[in-house]
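Notes follow the structure.
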Amino acid sequence: MRHAPWIGRCSLSLAALAALAVSGCKSPEEKACVDQFTSAQNVVMKVQAEDLASVVGSVAAVEEALGTCKAAGRKGEAEELGKAHEQLAAHRDRLLRRAEMMAERTELSPEELATLVKSGDPKCPRGQAYLHRKSGKHITCVGPQPVDMSRARAEEYFKVRRYKLSAGASPSELRVEYGAELVVFAYADPNQAPRCVTLYPPPDQSWQEATARLTGVAPARLKPNQPIRRPTGSLPFALEESTEKVVARIGDCSG
């Protein structure tokens with residue numbers, strides 16, 4: 001069974017259950033909270049990361065327990081469940097966006113499909129791949145990485161994936177957001193790759209994973225405050241990491 005790397009971070013705490021046990025669970029509401037808390041924990045521990053139905057089911061289980069524990073006034077349990085819900089829901093949304101992207105490429109003529117299978121799909125970044133839903137054909141991605149996209153290309157790429165697009169602090173900036181994830185592209189020339197990309201990863205995703213998705217470089221090869229080495233050339237990289245926030249800056253972000 002394949003688990004998501006974030007399962008350990010969103011697993012529900014046994015300390016909350018212990019607190020309920022000490023209190024004696026005197027009310028029916030508290031008993032319902034501990035029962036659903038335990039059930040939700042079991043579901044979360046067994047979730048399959050790449051199975052949309054499994055992830056959706058885990059979100060539903062956590063939501064139900066969260067509502068019950070809030071109604072029972074159990075703040076500690078509700079906080080644990082809230083954290084798990086945020087992380088699982090964010091992962092569910094990523095799976096939904098990927099499924100939508102694959103569905104958009106389903107209605108193809110035999111000639112279009114043959115071209116994609118032979119030459120690859122330029123609308124998704126090189127290094128990725130997907131299965132054409134109707135034919136089951138494997139299609140590789142041959143497009144540029146997000147850090148190499150012009151402004152128009154980046155807008156198209158993130159719009160398809162249902163990100164919220166908005167202007168940044170200046171006309172040269174493009175902000176793309178999805179839930180707690182935020183990426184800001186700063187362009188010296190909108191027809192060229194961005195000068196600077198500032199990344200604010202969501203809580204359920206490591207900076208390595210988030211940076212890899214933008215650059216195409218494997219997470220294991222990324223080092224804090226070390227240049228990101230790629231066949232097309234190195235990119236400056238700066239990481240600001242604390243308990244409050246994580247900010248990754250790629251490229252020339254000096255001014």
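Some observations on this one:
- Taking each residue of region 177-193 that is in the same structural domain as K83 (by TED's automatic domain parsing) and looking for partners that are buried (at least 17 other Cβ atoms within 10 Å of the Cβ) and modelled with pLDDT of 95 or more with beta-carbon atoms closer than 8 Å, six or more apart or interchain, yields nothing.
- Check on A129, of a type in the set (A, V, I, L, M, F, W, C), closer than 26 Å to R230 by Cα, modelled with pLDDT of 80 or more and not assigned by TED's automatic domain parsing to the domain that holds V43: no
- Criterion applied to A78, A84, A40, A71 was being surrounded by fewer than 15 Cβ atoms within 10 Å (Cβ to Cβ) and either outside the structural domain of P202 (by TED's automatic domain parsing) or modelled with pLDDT under 75 (or both), and the one residue passing it is A71.
- Looking across region 109-133, the residues that are more than 25 Å from P219 (Cα to Cα), surrounded by 12 or more Cβ atoms within 10 Å (Cβ to Cβ) and not small (G, A, S) come down to L113, T115, L116, V117, H132, R133.
The values are calculated or read from the model by the stated rules, or taken from the named source; none is laboratory data. Computed from a predicted model, the values in this text were never measured in an experiment. Here Cβ is always computed from backbone atoms with ideal geometry, including for glycine, and neighbour counts include all displayed protein chains.
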